[in-house]
Amino acid sequence: MRIALTVSLLVAACGDSSAPERVYISVGSDAVTSVRAVAAMQGAPAEVLEAGGDVAVLAVEPGELDDISHVMHEEFGRCGGFMAHDSLADARAALHPQPQLVVDYTIDHRPVVEAVLPALDRTAIKATIGELSAMPNRYYRSESGAAASTWLRDRWRSFTTRSDVTVELFDQGYPQQSVILTIPGSTRPHEVVVIGGHLDSITMLGGKNGRAPGADDDASGIATLTEVARVLLAKHYRPARTVKFIAYAAEEVGLRGSQAVVRDFKQKKVNVVGALQLDMTNYKGSEKDIWLMKDFTSAEQNTFITKLIDTYVGATWGLDACGYACSDHASWYRAGVPASMPFEARMRDRNKSIHTKDDTLELSNNNADHAIKFAKLGAAYTIEMAKGELGPPGSPGSSGFAHWKLIALLGGLLVAASALVRRR
Ligand code: BES
Ligand code: ZN
């Protein structure tokens with residue numbers, strides 16, 4: 001059912017006048033025979049354009065996507081389970097993940113992490129989930145989906161008056177836009193650390209206007225990274241590497257928002273050294289707390305994350321797999337960026353209400369007790385990846401700096417003047 005929804009929305013997207021007649025999809029190689037069988041039954045055979053390794057690229061007609069997704073669901077137990085691509089070149093690139101960047105992982109910023117963690121507030125996370133899930137939906141082509149972008153941009157902007165911090169919308173031609181908050185690095189600004197989640201929600205029934213609270217999928221992830229950003233900025237964090245918080249648009253329709261961001265960064269030669277994806281953080285489905293997805297992620301970065309959990313979060317963790325490119329981490333992985341996806345439950349214990357009107361905060365007992373663990377992990381990851389320090393309120397880059405300097409200067413003058421007066 002869930003698959004049918006995702007796919008029918010893809011069909012709708014492909015029905016735009018600007019859309020091509022053929023749609024390019026990348027699927028697991030094991031599913032090619034089934035996909036072709038479905039297409040053949042419809043009298044418009046799916047061409048396999050390229051096959052290599054675990055993934056194949058097919059050109060299909062938009063009208064076939066619905067049945068293909070049904071079969072994927074029935075036979076492979078996947079939801080969606082394929083990436084939709086705007087061009088054949090992009091689809092082909094999905095076949096050949098870039099070699100993974102090698103990163104030196106160290107845990108040596110304990111005082112900074114420990115000054116930040118106690119300020120993370122579970123009630124703030126809960127409140128943000130409440131606000132996001134109160135919107136009718138956050139579908140990438142709906143009015144409320146577009147409003148979610150400006151709402152989040154404004155919320156993030158309210159966290160600081162620093163002139164070096166930017167919060168921008170990233171336009172890729174959909175009503176909904178991705179939102180990017182950047183804290184520039186002090187000493188290694190050209191090395192970028194990304195922490196993200198997806199802003200959009202979807203419902204299998206009702207498309208553009210259907211109710212899709214998406215409290216868990218993925219208001220929980222957005223609220224979690226919003227809390228990390230709030231506290232880091234409240235503590236005047238000045239990273240050595242550049243940090244980018246990204247709320248991706250259009251994840252639910254084939255990871256399109258994150259693919260567009262990755263494409264843009266690649267074009268601009270932005271050097272991303274690590275990406276953390278927070279997609280579903282507040283539904284505790286399993287006994288252990290945090291599950292690291294092993295597929296489409298970096299084993300080395302995952303090991304680093306398990307050490308961060310042990311050192312700073314004190315939560316229990318395990319390893320699991322999505323079985324397909326289930327979220328935006330896969331877009332980074334394919335570009336050679338070490339990516340990780342810490343998840344709220346084992347796959348088999350997952351929240352079964354996502355993509356329905358029932359994906360609400362009530363399913364998480366109206367609290368953010370689970371998500372707070374991911375906020376701690378997100379803050380620890382950001383600090384130990386981007387290093388740097390916490391600054392005083394008037395540190396460089398703050399628009400308060402000039403005032404602070406002026407006050408100090410005036411204070412100094414006053415002291416000097418009164419000393420002079422006294423000497424006379
Ligand atoms: N948050 C889900 C992915 C997910 C669901 C991970 C359940 C683990 C357990 C994500 O928003 C999603 O729905 N992804 C799509 C695939 C995507 C490529 C369109 C899906 O799983 O159908
Ligand atoms: Zn989803």
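The values are calculated or read from the model by the stated rules, or taken from the named source; none is laboratory data. Keep in mind the model is a prediction, meaning the values are calculated, not measured. Positions of Cβ are backbone-derived with ideal geometry, glycine not excepted, and every protein chain shown enters the neighbour counts. Keep in mind that these areas ignore ligands, DNA and RNA; they rest on the heavy atoms of the full protein, side chains included. Shrake-Rupley method; radii C 1.70, N 1.55, O 1.52, S 1.80 Å.
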Q. What is the extension gain from residue 187 to residue 154, computed as 0.36 nm multiplied by their sequence separation minus the C-alpha to C-alpha distance, in nm to one decimal?
A. 9.1 nm
Q | Prolate/oblate/rounded call for region 226-299, Cα gyration tensor, a/c under 1.5 rounded | A | oblate
**Q.** Phi to ³J(HN,Hα) by Karplus 6.51 cos²θ - 1.76 cosθ + 1.60 over region 215-232, Hz, x for Gly, Pro
**A.** 5, 8, 10, 9, 4, 4, x, 5, 5, 5, 6, 4, 5, 4, 5, 4, 6, 4
Q: Towards the positive end of the charge dipole of region 290-404, with charges on Cβ (+1 Lys, Arg; -1 Asp, Glu), say which of 323, 382, 341 has the farthest Cα.
A: 323
Q) Which value, in debye to the nearest 20, describes the size of the charge dipole of region 270-309 about its Cα centre when Lys and Arg Cβ atoms bear +1, Asp and Glu Cβ atoms bear -1, and nothing else is charged? A) 80 debye
Q | Those GluC sites (Glu not before Pro) in region 280-362 that DSSP places in a loop and that have at most 12 other beta carbons within 10 Å | A | 287
Q: Amide H neighbours of residue 235 under 5 Å, at least 5 residues apart or on other chains, H built in the peptide plane: list them.
A: none
**Q.** Separation of alpha-carbon centers, region 147-200 and region 274-353, rounded to whole Å
**A.** 22 Å
Q) Rolling a 1.4 angstrom probe over the protein heavy atoms, how many square angstrom per residue are accessible across region 262-335? A) 39 Å²
Q. With each pseudo-label sitting 7 Å past Cα toward Cβ, what's the residue 88-residue 369 distance in nm, one decimal?
A. 5.5 nm
Q) Once phi is turned into ³J(HN,Hα) by the Karplus curve 6.51 cos²θ - 1.76 cosθ + 1.60 with θ = phi - 60°, what whole-Hz value does each residue of region 151-160 show in order, with x for glycine and proline? A) 4, 5, 4, 5, 4, 5, 5, 5, 7, 7
Q: With a cut-off of at most 13 other beta carbons within 10 Å, and DSSP calling the residue loop, which trypsin sites (Lys or Arg not before Pro) in region 85-182 qualify? Please list them.
A: none
Q | Long-range amide H partners of residue 343 with built H, under 5 Å | A | 291, 292, 293
Q. How large is ³J(HN,Hα) for each residue in region 291-302, as worked out from phi by the Karplus curve 6.51 cos²θ - 1.76 cosθ + 1.60 (θ = phi - 60°), to whole Hz, x for Gly and Pro?
A. 10, 8, 6, 7, 9, 6, 9, 9, 4, 5, 5, 4
Q | 23 Å Cα-Cα threshold exceeded, pairs from 294/373; 288/352; 288/373; 268/376; 126/373; 244/266 | A | 268/376
Q: List every residue whose amide H lies under 5 Å from the amide H of residue 47, counting only residues 5 or more places away in sequence or on a different chain, with H placed 1.01 Å from N in the peptide plane.
A: 59
**Q.** Cβ crowding within 10 Å averaged over residues, with 83-91, 105-113, 380-388, 142-150 ranked highest first
**A.** 380-388, 142-150, 83-91, 105-113
